[in-house]
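Novice: Could you have a look at this structure, given as structure tokens, before my questions?
The values are calculated or read from the model by the stated rules, or taken from the named source; none is laboratory data. Since this is a predicted model, take the numbers as computed values, not measurements. Cβ: placed from backbone, ideal geometry, glycine included. Neighbour counts: every protein chain shown.
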Amino acid sequence: MTDTAMPVVFIVDDDLGVRQMIARMVRSVQLTPRTFDSVHEFLDQFDPAQPGCLVLDVRMPGESGLELQERLARMGVRIPIVFITGHGDIPMSVRAMKAGAVDFIEKPFHDQVLLDAIHTALARDREQRKAESARADARARLATLTPREREVLSGVVAGLANKQIAAKLGTTEQTIKLHRGRVMNKMRADSVAELVILAQRAGVMDAQEHAPWSHPGHEPSPESRA
Amino acid sequence: MHKPGIDDTHEERRLLTSIIAHIPSGVFWKGRDFRYRGCNQAFARSAGVDRPEDIVGKTDYELAWEKEQADYFRACDRLVMEENRALLNIEEVERQADGRQAILLTSKVPLRDDEGRVCGVLGIDTDISHLKQVENELRQIRAELESRVQQRTAELSAANEQLRREIRDRERAEEALRASEERYRLVSELTSDYAYSFSVEPGGRCRAEWLTDAFSRISGHPPSAIENGDWGRITHPDDLPIVERRIRCLLAGQSVVNEFRIIARDGHIRWLRDHARPIWSESERRVIRILGAAQDITDRKQAEEEARRHQAALAQVARLTTLGELAAQLAHELNQPLCTMVGNAQTAQRLLAAPAPDMAELRDALNDIVTFGKQAATVIKQLREFLRQQQPRPIILNVQRTIEEIAGLLEADARQHAARVRFDIADDLPAIRGDPIQLQQVLLNLVRNGLEAMSLPQETPRELIVNASRHAPEGVILRVSDNGVGIDPATAERLFEPFFTTKPAGLGLGLAICRSIIEAHGGRMWAEPRPDRGTTFCAVLPALGEETSS
């Protein structure tokens, strides 16, 4: 799995001196740098499966750092970005931070500031990848359910009692109980709370509004985590 | 007394016979039977008989004549005798006994007996061949004469016709000339050109031969102003060398095209484009005439000047903008190596803190510090050179106009910063000596400075005041006031120190440059806090004549 691969600090800066200096700084804390002198070169070689973070100069000839940030977002690539700039202005940094940048650092910078930002970025990447992997896991478990079991799961997630679910599905409470046991088993959930979280990760909640028993306002917050 | 008698008759007869014998005509007589009764010697000869007596008894058919001729003679004789009348002056061509074709003039009369009856015919013929020949020759001569007269007449009328044609041609030519002159006059009136011809004396002196009217129309001067080739009299003093070189080239046999200024009679400057050609005399081995034309190109020159001013203004704006951009560019140029140096130095420290420092990495880091330190020094050196290039090029200038020239630029700048600029320029400012572009740079810098001082959100509307007024005794004082954050009086003097800055992206050179420019103009510069809010930057510039004393 990609989780276990060594992270790489991608450095994109058109200035050779700055590029080499940051790479050296990164190596001094036992991390692996890879340098690129333009956005174009970076996009040519970038592999989204590779864990890591991006240290990006804002202003460069050709495509700028901000443009790369927008392009990656459109591609669905969520690699954390640390911006560095020679002459940052406030609107530019606001724009970068709003678009999800980890930090916006002005040159010349203190090494610790940049290294901290890089560590933060790598940690965020790790978390994102872990969450993504958990989502993939939950989706895989969900895929093992039969259509009837999915209907039962939806009812459980919506907070309905077995009796209510049975009535809605036109069957007995006993049958629902059986289905529910199999759902818990297949989703490898120890509790209803865990089942709800798994269902949520797997994206069951997204389809919830289409269900006949939808209870608006009762949905768990998307931020909640396992 | 003479008494007629036989002797008289005899004498008379002898005389008659003699006459007949000797007259130069042929005389003959015939009887009614057409036979000859006698003839004289001349006739006998033509008839081909030796003696007159030999003819007696013969008819024409027995003589030398051809038959047709004899027939004709017989017919004539018959006519004379039968009709009893004379045939006079019959011209006939008759073949003579000697074979000669003779032209004879013959007359025949009837011979009558005593009773008056016709008994024969008497003929007399005269050879008029010679006469005829003369007559012929005469006729020929006359014909020739006539033909000659005719020929001469034809020649004369041809000459006449030629003359008439020439007269017609000449009239036409004169008409064409008049039209051409009229056309020329119109062209000369309508165009801004004039043409001239100067004769050149052996000593090089010139004298106008002709000069078209446009000269006076353009210059206002009478033709006499340059009739001696003395162009210098009306040439702009600055262009005298051009005019002098022009005449030298022309006298050396070289065609020239020159543009120079003349001073018109009304004092205005007119630009001329003069194209002149020398005429070389092979026999005299020198230039004997100068032909030329000149055109009034004042309008074109003014347009060119306008365009040049416009271009200079653009270049000036570019330079002014450059000053602002220069600071940003410099900040970037210095920041990159600085960032690299700091980062490498910190990395080196970090590497050294490790139990077993990576010496290769450490060496690379230190090498980069040296490399980029040198690069930063180069940037600084380039900056110094740039500033040195900004040597003032002073002219006598009008402060009001100098400010007005960049008012638009300042207003545009202010709009970008959500501020407005108010201009308060006195109209009694003395002239000063200075480099307008540098003074505009100072003004632009002060305005940008003021705008930046007002960049933070503030309650009072952002307003800059650009004020210029008379400042006794020195000259002109420029003031740029903002209502921004203001300055700490303690640091007011430090503002002008190089590399002192309160702005995050500033280089701290703007005000230092401003002050050095003002001081190079013999003036001084300072900043003072405004009583309520903001700062005023002041620059005093000495008036003309005061600059050396300050």
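Novice: Restricting attention to segment B:443-485, which residues are among the aliphatic types (A, V, I, L, M), in contact with a helix residue (DSSP H, G or I) (Cβ under 9 Å, 6 or more places away or on another chain) and farther than 17 Å from B:ASP424 by Cα?
Specialist: B:LEU451, B:VAL485
Novice: Is it fair to say B:GLU135 is modelled with pLDDT under 90, within 60 Å of the chain's Cα centre (by Cα) and either assigned to a strand (DSSP E or B) or not assigned by TED's automatic domain parsing to the domain that holds B:LEU63 (or both)?
Specialist: Details: modelled with pLDDT under 90: yes; within 60 Å of the chain's Cα centre (by Cα): no; either assigned to a strand (DSSP E or B) or not assigned by TED's automatic domain parsing to the domain that holds B:LEU63 (or both): yes.
When the stated conditions are applied, B:GLU135 does not pass them.
Novice: Across segment A:151-162, what is the total count of residues that are touching a residue at least 40 places away in the same chain (Cβ under 8 Å) and surrounded by fewer than 17 Cβ atoms within 10 Å (Cβ to Cβ)? Walk me through it before giving the result.
Specialist: Of segment A:151-162, the ones touching a residue at least 40 places away in the same chain (Cβ under 8 Å) are A:153-160.
Cutting the leftovers down to surrounded by fewer than 17 Cβ atoms within 10 Å (Cβ to Cβ) gives us A:159.
Going through segment A:151-162 one residue at a time, the tally reaches 1.
Novice: Right, another one. From A:ARG141, A:ARG74, which residue is away from chain B (no Cβ under 14 Å), within 19 Å of A:ALA49 (Cα to Cα) and either crowded, with 16+ Cβ neighbours inside 10 Å or free of Cβ contacts under 8 Å to residues at least 40 places away in the same chain (or both)? Give the steps one after another, and end with the answer.
Specialist: Working: A:ARG141 fails: within 19 Å of A:ALA49 (Cα to Cα).
Testing whether each residue is away from chain B (no Cβ under 14 Å), within 19 Å of A:ALA49 (Cα to Cα) and either crowded, with 16+ Cβ neighbours inside 10 Å or free of Cβ contacts under 8 Å to residues at least 40 places away in the same chain (or both) leaves just A:ARG74.
Per-residue answers, yes or no, for (1) within 25 Å of B:ASP299 (Cβ to Cβ); (2) in contact with a helix residue (DSSP H, G or I) (Cβ under 7 Å, 6 or more places away or on another chain):
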residue	(1), (2)
B:ASP239	yes, no
B:GLU244	no, no
B:VAL257	yes, no
B:PRO278	no, yes
B:GLU282	no, no
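Novice: Of (1) away from chain A (no Cβ under 14 Å); (2) under 30 Å from A:PHE109 (Cα atoms), B:LEU397 satisfies all except one. Which?
Specialist: Single failed check for B:LEU397: (2).
Novice: Additional query: Given segment B:412-487, what strands (runs of 3 or more DSSP E) lie entirely inside it while holding 2 or more residues that are closer than 17 Å to B:ARG524 by Cα and not hydroxyl-bearing (Ser, Thr, Tyr)? Give the derivation first.
Specialist: Values: elements: B:420-425, B:432-434, B:463-471, B:475-481.
Because the criterion is at least 2 residues that are closer than 17 Å to B:ARG524 by Cα and not hydroxyl-bearing (Ser, Thr, Tyr), the strands (runs of 3 or more DSSP E) in segment B:412-487 that meet it are B:432-434, B:463-471, B:475-481.
Novice: So, of the residues in segment A:118-171 that are of a type in the set (Gly, Ala, Ser) and not in a helix (DSSP H, G or I), which turns out to be nearest to A:ILE79 (Cα to Cα)?
Specialist: Step one: filter segment A:118-171 for residues of a type in the set (Gly, Ala, Ser), giving A:121, A:123, A:131, A:133-134, A:136, A:138, A:140, A:143, A:154-155, A:158-159, A:161, A:166-167, A:170.
Applying the additional criterion that residues be not in a helix (DSSP H, G or I) yields A:143, A:158-159, A:161, A:170.
Numbers: A:ALA143: 28, A:ALA158: 34, A:GLY159: 36, A:ALA161: 42, A:GLY170: 48 Å.
Taking the candidates together, the pick is A:ALA143.
Novice: Now for a separate question. Restricting the first residue to segment B:435-457 and requiring it to be within 22 Å of B:GLY534 (Cβ to Cβ), which pairs with a second residue that is of a type in the set (Asp, Glu) and assigned to a loop (DSSP other than H, G, I, E, B) meet a Cβ separation below 7 Å and a spacing of at least six or different chains?
Specialist: B:GLY450/B:ASP482; B:ALA453/B:ASP482; B:MET454/B:ASP482
Novice: Moving on to the next point. Do we have any residue at all in segment A:52-68 that's within 14 Å of chain B (Cβ to nearest Cβ), within 22 Å of the chain's Cα centre (by Cα) and within 24 Å of B:MET341 (Cα to Cα)?
Specialist: yes
Novice: A further question follows. Of the residues that make up segment B:48-71, is at least one among the hydroxyl-bearing types (Ser, Thr, Tyr) and within 15 Å of B:ASP33 (Cα to Cα)?
Specialist: To start, the set of residues in segment B:48-71 that are among the hydroxyl-bearing types (Ser, Thr, Tyr) comprises B:59, B:61.
Still in the running and within 15 Å of B:ASP33 (Cα to Cα): B:59, B:61.
Yes, because at least one residue in segment B:48-71 is among the hydroxyl-bearing types (Ser, Thr, Tyr) and within 15 Å of B:ASP33 (Cα to Cα).
Novice: Inspect segment B:332-341 for any residue being modelled with pLDDT under 75, out of contact with any strand residue (DSSP E or B) (no Cβ under 8 Å at 6 or more places or on another chain) and under 30 Å from B:VAL379 (Cβ atoms) and give the result as yes or no.
Specialist: Just the residues of segment B:332-341 that are modelled with pLDDT under 75, to begin with: B:332.
Narrowing the set further to residues that are out of contact with any strand residue (DSSP E or B) (no Cβ under 8 Å at 6 or more places or on another chain) leaves B:332.
From what is left, the residues that are under 30 Å from B:VAL379 (Cβ atoms) are B:332.
Yes, segment B:332-341 contains at least one residue that is modelled with pLDDT under 75, out of contact with any strand residue (DSSP E or B) (no Cβ under 8 Å at 6 or more places or on another chain) and under 30 Å from B:VAL379 (Cβ atoms).
Novice: Do you know which residues across segment B:211-226 are at pLDDT 85 or above and not in a helix (DSSP H, G or I)?
Specialist: B:LEU211, B:GLY220, B:HIS221, B:PRO222, listed by residue number.
Novice: When you scan segment B:189-228, how many residues do you find that are farther than 17 Å from B:ARG270 by Cα and either touching a Gly at 6+ places or on another chain (Cβ under 6 Å) or aromatic (Phe, Trp, Tyr) (or both)?
Specialist: 4
Novice: While we're looking at this one, here's another question. Can you name the residue in segment A:1-44 that is in a loop (DSSP other than H, G, I, E, B) and within 9 Å of another protein chain (Cβ to nearest Cβ) and, of all such residues, is farthest from the chain's Cα centre (by Cα)? Don't jump to the end; show me each part of the working.
Specialist: Going through segment A:1-44, the residues in a loop (DSSP other than H, G, I, E, B) turn out to be A:1, A:5-7, A:13-15, A:29-31, A:37-38.
Next, only the ones that are within 9 Å of another protein chain (Cβ to nearest Cβ) stay: A:15, A:29.
Working: A:ASP15: 31, A:VAL29: 26 Å.
Per the stated criteria, the residue is A:ASP15.
Novice: Consider segment B:68-95. How many of its residues are touching a Leu at 6+ places or on another chain (Cβ under 9 Å) and polar (S, T, N, Q)?
Specialist: Summing the residues that are touching a Leu at 6+ places or on another chain (Cβ under 9 Å) and polar (S, T, N, Q) in segment B:68-95 gives 1.
Novice: Oh, and also: Can you tell me how many residues within segment A:77-105 are farther than 15 Å from A:VAL39 by Cβ, away from every other protein chain (no Cβ under 14 Å) and in a helix (DSSP H, G or I)?
Specialist: Summing the residues that are farther than 15 Å from A:VAL39 by Cβ, away from every other protein chain (no Cβ under 14 Å) and in a helix (DSSP H, G or I) in segment A:77-105 gives 4.
Novice: So, in segment B:274-293, how many residues would count as being buried (at least 18 other Cβ atoms within 10 Å of the Cβ) and either basic (Lys, Arg) or not assigned by TED's automatic domain parsing to the domain that holds B:GLN254 (or both)?
Specialist: Here the count works out to 0.
Novice: Let me ask something else. Applying the selection to segment B:26-66, what residues are hydroxyl-bearing (Ser, Thr, Tyr) and in contact with a Phe, Trp or Tyr (Cβ under 8 Å, 6 or more places away or on another chain)? Talk me through it step by step, then tell me what you get.
Specialist: Filtering segment B:26-66 down to residues hydroxyl-bearing (Ser, Thr, Tyr) leaves B:36, B:46, B:59, B:61.
Hits for segment B:26-66 are B:TYR36, B:THR59.
Novice: Which ranges mark the strands (runs of 3 or more DSSP E) fully within segment B:19-107 that have 3 or more residues being without any contact (Cβ under 8 Å) to a residue 40 or more places away in the chain? Working first, answer last.
Specialist: Numbers: elements: B:26-31, B:36-39, B:87-95.
Strands (runs of 3 or more DSSP E) meeting the threshold: B:36-39, B:87-95.
Novice: For residues in segment B:346-360 being facing another protein chain (nearest Cβ under 9 Å) and surrounded by fewer than 18 Cβ atoms within 10 Å (Cβ to Cβ), which is farthest from A:GLN30 (Cα to Cα)?
Specialist: Filtering first and then ranking leaves B:GLN349.
Novice: Can you confirm whether B:ALA376 is under 21 Å from A:PHE109 (Cβ atoms), among the small types (Gly, Ala, Ser), within 12 Å of chain A (Cβ to nearest Cβ) and crowded, with 19+ Cβ neighbours inside 10 Å?
Specialist: Numbers: under 21 Å from A:PHE109 (Cβ atoms): yes; among the small types (Gly, Ala, Ser): yes; within 12 Å of chain A (Cβ to nearest Cβ): yes; crowded, with 19+ Cβ neighbours inside 10 Å: no.
No, not satisfied.
Novice: With the checklist (1) touching a residue at least 40 places away in the same chain (Cβ under 8 Å); (2) more than 25 Å from B:TYR184 (Cβ to Cβ) in hand, flag the one item B:SER283 doesn't pass.
Specialist: Failing condition for B:SER283: (1).
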